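Have a look at the structure below, then the notes.
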Amino acid sequence: MLQKFEIQGVHTTVDDKLRAYVTKKIGGLDRYISRHGRESAHAEVHLKEGKAKNHNHRTCEVTLHLPHRVIVIKESALNMYAAVDIVEAKLKVQLQKYKDLHGNGKTHRHLFARFNRKSAMTPVELDT
């Protein structure tokens, strides 16, 4: 669960059921963040209800502050729960990209060590 997590309602009230749903969906995304980034990561969730002529739409905007990046995702739907689900799916993709880019470096070190071992071998050893 994210340590710092803020939920705000704009032109709408956020009841306990909606707050628990958002906390479960968005707050559980910390498993997609690398371990060193979990301590400083925090999320701001803005739930907005817009009333235009003949259109009632709900918007969920999530701002996720990470150590080297800020991810902002905004999505509208007819239902607030549907907007939260769509934002969660988009955040998963963005967090996976972030984790691949800013990983712990362990996999890179292993790959470079493997290349260095192969380059240090003589050509006779490589044939066998």
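The values are calculated or read from the model by the stated rules, or taken from the named source; none is laboratory data. Not measured: the values here are computed from a predicted model. Ideal geometry is used to build each Cβ from the backbone, glycine not excepted, and the neighbour counts take in all protein chains shown.
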Search result, residues across region 42-91 that are charged (D, E, K, R) and either closer than 21 Å to Thr12 by Cβ or modelled with pLDDT of 95 or more (or both): Glu44, Lys48, Glu49, Lys51, Lys53, Arg58, Glu61, Lys74, Glu75, Asp85, Glu88, Lys90
Selection within region 10-28 - in contact with a Lys or Arg (Cβ under 8 Å, 6 or more places away or on another chain) and closer than 20 Å to Leu91 by Cβ: Val10
Residues (under 14 Å from Glu6 (Cα atoms), surrounded by 15 or more Cβ atoms within 10 Å (Cβ to Cβ) and within 17 Å of the chain's Cα centre (by Cα)) located in region 34-64: Ala41, Ala43, Glu44, Val45, His46, Cys60, Glu61, Val62, Thr63, Leu64
Count - residues of region 25-81 that are of a type in the set (Val, Ile, Thr) and touching a Gly at 6+ places or on another chain (Cβ under 9 Å): 1
Failed item in (1) under 13 Å from Val87 (Cβ atoms); (2) under 15 Å from the mean Cα position of the chain (by Cα), with Ile7 passing the rest: (2)
Residue, surrounded by the most Cβ atoms within 10 Å (Cβ to Cβ), within region 72-97, restricted to residues that are more than 22 Å from Ala52 (Cα to Cα) and not aliphatic (A, V, I, L, M): Glu88
In region 12-37, the residues that are closer than 26 Å to Tyr98 by Cβ, touching a residue at least 24 places away in the same chain (Cβ under 8 Å) and polar (S, T, N, Q): Ser34
Meets criteria (surrounded by fewer than 15 Cβ atoms within 10 Å (Cβ to Cβ), closer than 17 Å to Leu29 by Cα and at pLDDT below 90) for Asp100: yes
Those residues of region 79-103 which are farther than 19 Å from Leu18 by Cα and part of a loop (DSSP other than H, G, I, E, B), in sequence order: His102, Gly103
